[in-house]
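These notes concern the structure reproduced below.
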Amino acid sequence: MTPSRIMYDALGGTPIMVSNMIQLVMKKLKRLKLCLRDWNKETFQDIFDAITATSAELLHIQNRVASLGDSSALFEAEVECQVRLNGLLSQRHAHFMQKNRT
């Protein structure tokens, strides 16, 4: 049996007692999992909110086109909004595909 060692946490600088290296790796992986979970919520929750907002914006533009008729400014705004929405939908699809892998 290996003796306990005092190792210092690279992130916080606090001492950690470990009896073997596997415990140290497991502790680091648990901390990483929490960090990744928070990052995932921040990053992809923004995507879902952005999809909702962009869809509403696109609908508003399309309603203006229906009521005012075609104009080049509205057409360009609609195309830009549709491109943004397609990019966000692709990111959401990638998120769900990644989630299915786990």
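The values are calculated or read from the model by the stated rules, or taken from the named source; none is laboratory data. Quick caveat, the model's predicted, so the values are computed rather than measured. So basically every Cβ, Gly included, is an ideal-geometry build from the backbone, and we count neighbours across all protein chains shown. Please note that ligands, DNA and RNA were not included when accessible areas were found on the heavy atoms of the full protein model with its side chains. Shrake-Rupley method; radii C 1.70, N 1.55, O 1.52, S 1.80 Å.
Evaluate E = 1/(1 + (r/R0)^6) for residue 101 and residue 64, where r is the Cβ-Cβ distance and R0 equals 30 Å; express this FRET efficiency to the nearest 0.05. Result of the calculation: an efficiency of 0.15. The residues 83, 65, sorted by heavy-atom accessible surface at 1.4 Å with ligands and nucleic acids left out, run 83, 65 from largest to smallest. The candidates 81, 35, arranged from most to least accessible area with a 1.4 Å probe in the full protein assembly, appear as 35, 81. Full extension of the segment from residue 26 to residue 50, taken as 0.36 nm per residue of separation minus the current Cα-Cα distance, would add 5.1 nm. Rolled with a 1.4 Å probe across the full set of protein chains, the surface gives residue 26 an accessible area near 100 Å². With all protein chains in place and a 1.4 Å probe, the accessible surface of the range 34-90 carries 60 percent carbon and sulfur. Each residue was assigned an accessible area with a 1.4 Å probe, and for residue 22 the value is about 120 Å². Per the Debye calculation on the range 49-102 with a single equal scatterer at every Cα and no solvent contribution, log₁₀ I(q)/I(0) for q = 0.28 Å⁻¹ amounts to -1.02. Between 26, 56, 39, the Cα set farthest toward the positive side of the dipole of the range 17-71 (charges on each charged residue's Cβ, about the Cα centre) is that of 26.
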